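The values are calculated or read from the model by the stated rules, or taken from the named source; none is laboratory data. This one's a predicted model, so the numbers in the text were calculated from it and none came from an experiment. Please note: Cβ atoms are built from the backbone with ideal geometry, for glycine as well, and neighbour counts cover all protein chains shown.
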Amino acid sequence: MTSWQNNRATRDARIAAGATLARGKVVEAGDATRLLEAVLRPGDRVCLEGDNQKQADLLSRALLAVDLSRVHNLHMVQSGVVLPEHLDLFDRGVAKKLDYAYSGPQSARIARMLFGGKIELGAIHTYLELFARYFIDLTPHVALIAAVSADRDGNLYTGPNTEDTPTVVEATAFKDGVVIAQVNEIVEQVPRVDIPADRVHFIVKSDKPFFVEPLFTRDPAAITEGQILTAMLAIKGVYAPYGVQRLNHGIGFSTAAIELLLPTFGERLGLKGRIATHFALNPHPALIPAIESGWVRQIHSFGSEVGMDDYIRARSDVYFTGPDGSLRSNRAFCQTAGLYACDMFIGSTLQIDLQGNSSTVTASRIAGFGGAPNMGADARGRRHPSEPWLKAGAEADPDGSTFMRRGRKLVVQVGETFGDKNVPLFVEKLDAIELAEKLKLDLAPVMIYGDDVTHIVTEEGVTNLLLCRTAQEREQAIRGVAGYTDVGRRRDPAMVARLRERGVIRRPEDLGINPLDADRSLLAARSIKDLVRWSGGLYAPPSKFRNW
Amino acid sequence: MEDLSFQHRVRARADGTRRSALVGVVASGNLEVLVERVLPDEQCAVEIRTAAVGFGEVWTAVIDDFVERFSPGGLKFSINDGGARPDTVSLRLAQAVRLIAEKGR
């Protein structure tokens with residue numbers, strides 16, 4: 001007779017094997033490796049919770065120590081490859097195949113391992129894309145997750161860094177998978193239930209809190225005049241004319257500079273209330289002065305940020321918080337919000353080519369995508385109108401029918417023409433293409449496709465690609481803001497001048513901005529200490545950002 | 001280290017009466033510019049000492065644009081470069097011209 005519940009039976013067998021090591025659902029930290037050996041099978045798809053920030057570090061170490069005769073060739077399906085242990089798994093043979101989204105701190109090593117054939121690569125995804133595949137063809141057999149606390153029944157409190165946990169648990173627990181949580185403490189009653197107990201099978205109490213990386217903190221002291229000028233151009237050349245209220249900011253000093261110019265430069269332009277009111281954004285400390293000055297109405301977050309807990313708790317009108325008062329973040333929902341409910345994405349990149357394709361992959365670093373491709377893409381399924389969206393759509397297709405013309409999301413790439421160590425931002429050919437050739441990938445890892453990019457802002461000016469009518473115009477528009485890079489110096493000066501007359505390119509002077517005014521005194525906060533002051537002492541920066 | 005030297009003939013004399021001015025700082029990724037009013041009105045000179053080798057073409061383009069834009073006649077610029085980005089170089093040069101144009105010694 002055909003059985004239709006094989007997976008459930010397998011799950012029950014896994015849980016029964018693990019239960020021999022548990023009291024109720026609780027397993028001692030010292031038994032974590034034995035628990036994994038009992039529950040896992042060779043070749044399993046495993047989500048080892050590596051989020052953008054929160055890391056199931058105890059479970060990573062436990063997994064690394066398994067007996068290879070019992071556990072091997074795992075297929076890791078996790079959004080973030082962040083800890084060294086995540087890659088040690090492949091070196092040791094515990095894992096074989098990888099599907100992921102982001103690998104910031106491990107980007108150099110992951111590149112070496114991919115070239116060396118140590119990792120069989122499935123694909124590099126965007127967050128939403130990987131989450132989507134959790135429900136279709138990459139459903140985890142076992143999820144190893146991290147939470148702040150658990151009660152004896154297994155209800156979990158994830159704290160401000162909820163991040164990916166609800167998505168991972170949903171896909172695993174409701175498809176006959178096993179969920180194992182590491183928690184910082186076991187309590188009588190959790191402050192709020194982020195994950196209900198019946199979706200959690202084992203709890204391991206960690207001897208120290210899970211690792212969280214302060215990814216979204218940029219020290220205002222390190223912001224340059226070039227970044228300030230670029231930020232001024234972005235505010236006056238893009239935010240203001242479109243009246244962008246709903247948006248997402250990428251990480252980086254350029255966007256931090258914009259955040260710190262809102263209460264000063266933005267205020268003088270009379271833009272308060274007209275731009276930057278609703279964000280899909282992590283709790284960036286650099287946004288504190290704008291929040292305190294009454295610019296920001298609402299922020300939904302992918303994750304949290306180290307040191308921002310008390311500030312968020314005290315500003316619940318702005319942030320999403322639980323009944324316990326702490327932030328509730330959710331990466332899948334926030335990515336969806338960024339994709340469908342924001343009119344603009346603005347962020348930095350490492351390379352932009354002549355078509356406007358943008359990539360953070362370089363010859364020696366594969367950083368992955370994270371959320372940028374979703375934030376920085378026109379949502380083809382969008383149907384609600386808004387002023388910036390309609391205006392951008394009209395610029396792209398001035399002759400189209402008003403009622404039938406799609407709007408366009410503003411996708412803005414911002415940066416200085418030369419980056420760190422004088423590496424040019426603009427290139428003839430993306431390193432991503434070379435990488436695809438070398439690794440024999442079907443698809444080059446392009447972060448944002450050129451046809452989604454609407455504006456590029458550098459210290460030389462703003463270019464509006466929506467107004468370009470031919471590929472040649474587009475190329476010259478990009479060269480025209482590429483400064484002294486090779487790409488910029490190979491421009492056709494006559495064509496660039498014509499594009500400037502049409503407003504496709506706008507220089508600082510065209511926007512009434514004097515580069516000599518781009519001064520650090522314009523920043524609402526010039527140091528981390530200033531941010532603490534703005535927050536009324538509620539922001540508690542991690543020690544690496546303290547110098548007092 | 002690399003030493004570069006540029007001489008330009010310019011349209012007009014730089015504004016102001018100040019004899020010299022100093023902008024910027026010597027630091028990695030930054031630069032210091034000393035500007036002195038020591039040349040005939042139709043001349044401009046730029047002397048560069050740079051930590052970043054192989055950017056001669058970029059420097060040429062930056063200095064050409066700068067001279068064209070500001071016509072800094074009579075000025076000699078001495079640049080101590082710590083590998084600054086070209087946009088920072090342009091900004092510092094413009095700052096130097098502004099500073100020496102101010103009233104003062």
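Miscellaneous remarks
- For segment B:27-63, a residue qualifies if it is within 16 Å of residue B:92 (Cα to Cα) and among the acidic types (Asp, Glu), and the qualifying residues are B:32, B:36, B:47.
- The listed residue being at pLDDT 95 or above, surrounded by fewer than 22 Cβ atoms within 10 Å (Cβ to Cβ) and small (Gly, Ala, Ser), out of A:93, A:116: A:93
- Of all residues in segment A:377-390, those that are surrounded by fewer than 19 Cβ atoms within 10 Å (Cβ to Cβ), in contact with a Phe, Trp or Tyr (Cβ under 8 Å, 6 or more places away or on another chain) and of a type outside the set (Lys, Arg) total 3.
- Residues that are in contact with a strand residue (DSSP E or B) (Cβ under 6 Å, 6 or more places away or on another chain) and farther than 10 Å from residue A:201 by Cβ, drawn from segment A:1-23: A:21
- Here residue A:494 meets the list (1) in a loop (DSSP other than H, G, I, E, B); (2) farther than 30 Å from residue A:390 by Cβ; (3) of a type in the set (A, V, I, L, M) almost entirely, failing just condition (1).
- All conditions but one from (1) touching a Leu at 6+ places or on another chain (Cβ under 6 Å); (2) part of a helix (DSSP H, G or I); (3) of a type outside the set (S, T, N, Q) apply to residue A:180; the one that does not is (2).
- The set of residues in segment A:125-149 being more than 28 Å from residue A:184 (Cα to Cα) and surrounded by fewer than 24 Cβ atoms within 10 Å (Cβ to Cβ) consists of A:125, A:129, A:132, A:133, A:135, A:136, A:137, A:138.
- When segment A:57-74 is filtered for residues that are surrounded by fewer than 23 Cβ atoms within 10 Å (Cβ to Cβ), farther than 20 Å from residue A:207 by Cα and in contact with an Asp or Glu (Cβ under 7 Å, 6 or more places away or on another chain), the ones remaining, listed by number, are A:67, A:70.
- Count - residues of segment A:8-56 that are crowded, with 17+ Cβ neighbours inside 10 Å and basic (Lys, Arg): 6
- Extreme residue, nearest to the chain's Cα centre (by Cα), among residues of segment A:403-458 that are assigned to a loop (DSSP other than H, G, I, E, B) and within 14 Å of chain B (Cβ to nearest Cβ): A:415
- Any hit, segment A:88-109, residues being out of contact with any Asp or Glu (no Cβ under 7 Å at 6 or more places or on another chain), in a helix (DSSP H, G or I), assigned by TED's automatic domain parsing to the domain that holds residue A:159 and farther than 30 Å from residue A:304 by Cα: yes
- Scanning segment A:462-517 for residues that are within 14 Å of chain B (Cβ to nearest Cβ), under 30 Å from the mean Cα position of the chain (by Cα) and among the hydrophobic types (A, V, I, L, M, F, W, C) returns A:481, A:482, A:487.
Let's see how each residue does on (1) touching a strand residue (DSSP E or B) at 6+ places or on another chain (Cβ under 7 Å); (2) within 28 Å of residue A:491 (Cβ to Cβ); (3) assigned by TED's automatic domain parsing to the domain that holds residue A:229; (4) not small (Gly, Ala, Ser):
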position: A:354; (1), (2), (3), (4): no, yes, yes, yes
position: A:388; (1), (2), (3), (4): yes, no, yes, yes
position: A:411; (1), (2), (3), (4): yes, yes, yes, yes
position: A:414; (1), (2), (3), (4): yes, yes, yes, yes
position: A:424; (1), (2), (3), (4): yes, yes, yes, yes
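- The conditions of being out of contact with any Leu (no Cβ under 7 Å at 6 or more places or on another chain) and assigned by TED's automatic domain parsing to the domain that holds residue A:266 are not met by residue A:540.
- Subset of segment A:13-36 (residues that are among the hydroxyl-bearing types (Ser, Thr, Tyr) and in contact with a Leu (Cβ under 8 Å, 6 or more places away or on another chain)): A:33
- For the criterion of being closer than 22 Å to residue A:85 by Cβ, hydroxyl-bearing (Ser, Thr, Tyr) and over 24 Å from the mean Cα position of the chain (by Cα), residue A:206 passes.
- Taken as a whole, segment A:391-402 holds no residue that is crowded, with 24+ Cβ neighbours inside 10 Å, outside any loop (DSSP other than H, G, I, E, B) and either within 22 Å of the chain's Cα centre (by Cα) or not aliphatic (A, V, I, L, M) (or both).
- Among the residues of segment A:533-548, the one identified as in contact with a Gly (Cβ under 9 Å, 6 or more places away or on another chain) and part of a helix (DSSP H, G or I) is A:545.
- Failed item, numbered, when residue A:266 is tested on (1) crowded, with 24+ Cβ neighbours inside 10 Å; (2) farther than 22 Å from residue A:305 by Cβ; (3) in contact with a Gly (Cβ under 9 Å, 6 or more places away or on another chain): (3)
- Residues in segment A:348-376 that are more than 16 Å from the chain's Cα centre (by Cα), surrounded by fewer than 24 Cβ atoms within 10 Å (Cβ to Cβ) and over 19 Å from residue A:437 (Cα atoms): A:354, A:355.
- So residue A:464, is it more than 30 Å from residue B:54 (Cα to Cα) and surrounded by 14 or more Cβ atoms within 10 Å (Cβ to Cβ): yes
- Boolean, residue A:160 is touching a residue at least 60 places away in the same chain (Cβ under 8 Å), part of a loop (DSSP other than H, G, I, E, B), crowded, with 24+ Cβ neighbours inside 10 Å and more than 21 Å from the chain's Cα centre (by Cα): no
- Here residue A:336 does not qualify as within 30 Å of residue A:443 (Cα to Cα), hydroxyl-bearing (Ser, Thr, Tyr) and part of a loop (DSSP other than H, G, I, E, B).
- Restricting segment A:213-265 to residues that are under 21 Å from the mean Cα position of the chain (by Cα) and of a type in the set (Lys, Arg) leaves a set whose member that is nearest to the other protein chains (Cβ to nearest Cβ) is A:218.
- 1 or more residues in contact (Cβ under 8 Å) with a residue 12 or more places away in the chain and in contact with a Lys or Arg (Cβ under 6 Å, 6 or more places away or on another chain): qualifying helices (runs of 4 or more DSSP H) within segment A:1-68: A:32-39
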